[in-house]
1. Apply the Karplus parameterisation 6.51 cos²θ - 1.76 cosθ + 1.60, with θ equal to phi minus 60°, to every residue of region 51-67 and state each ³J(HN,Hα) to the nearest whole Hz, in sequence, with x for glycine and proline.
2. Taking neighbour counts of Cβ atoms within 10 Å as a proxy for exposure, in what order, fewest first, do Phe102, Phe50 appear?
3. Sticking with the crude label model, points 7 Å out along Cα→Cβ, report the distance from Arg182 to Glu148 in nm, one decimal please.
4. What residues qualify as long-range amide H neighbours of Met31, i.e. H under 5 Å apart, gap of 5 or more or another chain, H built at 1.01 Å from N?
5. At q = 0.09, 0.14, 0.15 Å⁻¹, what log₁₀ I(q)/I(0) does the chain have when each alpha carbon counts as one equal point scatterer in the Debye sum?
6. Can you give me the long-range amide H partners of Gly36? Hydrogens built in the peptide plane at 1.01 Å from N, cutoff under 5 Å, separation of 5 or more residues or another chain.
7. For region 90-96, what does the Karplus curve 6.51 cos²θ - 1.76 cosθ + 1.60, with θ = phi - 60°, yield as ³J(HN,Hα) per residue in whole Hz, taken in order and with x for Gly and Pro?
8. Rank these for me by crowding, Ile89, Ile6, Ile228, going from fewest to most other beta carbons within 10 Å.
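Nothing in this text is a laboratory measurement; each read-out follows from the coordinates by a stated rule. Model, not experiment: these values are computed from the prediction. Quick reminder, even Gly has a Cβ in these numbers, built from the backbone with ideal geometry, and neighbours come from all protein chains shown.
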Amino acid sequence: MQKLFIQNRKGQKMVVIVEETTPHKGLAIIMHDLGGFKEQPHVQAMAETFLEYGYTAVRFDTTNTFGESDGNYKLATTTNYYEDLEDVIAWARTQPWYQETFVLVGHSLGGLCIALYAERHPEKVKALAPISTVVSGALSMEGHEKHEEWRKWKETGWREEISKSTGKVKRLPWSHMEDRLRYDLMPEVHKLTMLVLLIVGEYDDSTPPEHQQILYEALPGPKELHLISGAPHTLRANEHLEELKSVISRWLEHI
């Protein structure tokens, strides 16, 4: 395993972990959620699965999250996360282990970013796994407007919550949602003709199963949708992580 330090287009430090396999069957780039980081259990579980199948696995901390990269969470946007993904892929192209086409995997906001990348560069992407993905900013709003904390967020301009992964206070301005509303997978979904795997927890209230079904039905190519029974938005329990790995393993046999 290599921990590497690169720069994004803004000159900010980004931290990347590369786990290279020999022989090299393929390349998988794995992206975390809003406020996530590369060592989260579900991110590591996904990387481990690809390694077991002979894929070099690349995971990274975006800027403006709680990992090792530069930035401040209050500045986190879909735009900055997407640009960081682009910059990691651009850097990867300079590395000896780089391979096209590659597999993209992402959780929640990371799922939105990898799917946007695949819509814009379908020729580079072999397969796509948006896990508990955000489908659009509009659906995010629709799914949460009934929640009191979201109404307070819009009214006060700030949302505060305690991270279940780090225990730190996560403070995010409403401008994050204004940026997210610019993004929607549906208008260009017809470009996602590669293999696509969707996974969602039964009790996911952030990117619920009905949102995943909307995306699934619109996908034009070979596709799968798996519901993890009893699971929330972010998978932490061992049985949910094992099911995540099992579903990805079965999918990889078809790539």
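1. Per-residue couplings from phi come out as 4, 4, 9, x, 9, 5, 10, 10, 10, 8, 9, 5, 6, 6, 9, 10, x Hz.
2. Values: Phe102 19, Phe50 28.
Result, fewest neighbours first: Phe102, Phe50.
3. Each label point is offset 7 Å from its Cα along the Cβ direction, giving 3.4 nm.
4. Val105, Gly106, His107
5. Calculated log10 I(q)/I(0) at the listed q: -0.35, -0.91, -1.06.
6. Hits under the 5 Å cutoff: Phe66.
7. For region 90-96, the Karplus-derived couplings read 4, 5, 4, 4, 8, 9, x Hz, x marking Gly and Pro.
8. The fewest-first ordering by Cβ neighbours comes to Ile6, Ile89, Ile228.
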